[in-house]
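Input: a single structure, listed below in structure tokens.
The values are calculated or read from the model by the stated rules, or taken from the named source; none is laboratory data. Given the structure is predicted, the values throughout are model-derived calculations rather than measurements. Backbone-built Cβ (ideal geometry, glycine too); neighbour counts: all protein chains shown.
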Ligand code: F6P
């Protein structure tokens, strides 16, 4: 019997997932492998929910956003008999290998299943947040930065016309990559990231100093995971299956604080899931395809417990272990460098 690989996508979706799926599938189909798409991330492995993929199913999907095999934030380690079911279904599906495409959570599960259950798994780093270690960039980040920059471009004109302050909330969880790169690229006058706690007065000062200089409007980019120096929590704090807080609401909270300080012409804007939607940039299409080709090669070479990664301009492989060991956050020195552009 021929060999069989499963592909799954877990966690928040991300532009470029379909590019990875296409490249993994076509690389392995070229060697005679059968390919199945495990649906809804780890939920599909727990429930045995999958679909056979043929060349015609994947041949043009790298240009499209989202994931053709669906995703979910499911943690088998938090479900009754979850891990047992994953292992059983691995057998039932007749898999020789599994390619897990995901971020910290999905790959954390992949790493555990590989180490503790001996499952032959290869990882591919995905997340718009760019917060995975052991790779320079995750695919999806570039597209999201472009969406943020374009959104800010649009906010400049309306903010200026009304001489307003716009507080723009940007995704990224506990890492400030999206806020910093999207914010600076889109001409934000100040950027707040989770790595550097802030105060409301510091933000109000920026607006007032700009006004004194004759600047009639201000755009402040705030990471959804930003933290007040006083330690007060401004975000919602609901937890998901991986124990992460579901962030959101900081821009609105800052708007209220501005109003308390007499700043009336303030609006908050939450870019939200628009940042993850739509077609991938050409860069992310190519990065996704390169990661997928690498993952296919790792499967062919039986290099399991490994993850495709970008080092400089080369796609290499690293231990899954290293990718999930710690969150990759923005170095404070990089933020400080950009600060000369703020205000
Ligand atoms: O990890 C990607 C991400 O978009 C984060 O930036 C954000 O906090 C989170 O997912 C939102 O998750 P959900 O789609 O479950 O609301």
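Tabulated results
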| read-out | value |
| --- | --- |
| Lone qualifier among 164, 160, 154 - being within 15 Å of residue 269 (Cβ to Cβ), away from the ligand (no atom under 16 Å from the Cβ) and in contact with a strand residue (DSSP E or B) (Cβ under 8 Å, 6 or more places away or on another chain) | 164 |
| Hits in region 244-268 - residues which are within 16 Å of the ligand (Cβ to nearest atom) and not in a helix (DSSP H, G or I) | 244, 245, 246, 247, 248, 249 |
| Helices (runs of 4 or more DSSP H) wholly inside region 3-100 that include at least 3 residues being closer than 21 Å to residue 129 by Cβ | 17-29 |
| Condition met for residue 241 (outside the structural domain of residue 123 (by TED's automatic domain parsing), outside any strand (DSSP E or B), touching a helix residue (DSSP H, G or I) at 6+ places or on another chain (Cβ under 8 Å) and surrounded by fewer than 22 Cβ atoms within 10 Å (Cβ to Cβ)) | yes |
| Single residue of 215, 202, 195, 230 found to be within 19 Å of residue 262 (Cβ to Cβ) and assigned to a loop (DSSP other than H, G, I, E, B) | 215 |
| Test for residue 262: is it assigned by TED's automatic domain parsing to the domain that holds residue 184, exposed (fewer than 13 other Cβ atoms within 10 Å of the Cβ) and modelled with pLDDT of 95 or more | yes |
| Residues located in region 50-65, provided they are in contact with a helix residue (DSSP H, G or I) (Cβ under 7 Å, 6 or more places away or on another chain) and under 25 Å from residue 242 (Cβ atoms) | 50 |
| Members of region 231-243 found to be more than 12 Å from the ligand (Cβ to nearest atom), over 22 Å from residue 180 (Cα atoms) and at pLDDT below 80, listed by number | 232, 237 |
| Residues that are away from the ligand (no atom under 16 Å from the Cβ) and either buried (at least 17 other Cβ atoms within 10 Å of the Cβ) or in contact (Cβ under 8 Å) with a residue 24 or more places away in the chain (or both), drawn from region 270-285 | 279, 281, 283, 285 |
| Top-ranked residue of region 20-48 - restricted to ones that are in contact with a strand residue (DSSP E or B) (Cβ under 7 Å, 6 or more places away or on another chain) and farther than 21 Å from residue 111 by Cα, ranked as surrounded by the fewest Cβ atoms within 10 Å (Cβ to Cβ) | 29 |
| Condition met for residue 298 (touching a helix residue (DSSP H, G or I) at 6+ places or on another chain (Cβ under 8 Å) and modelled with pLDDT of 95 or more) | no |
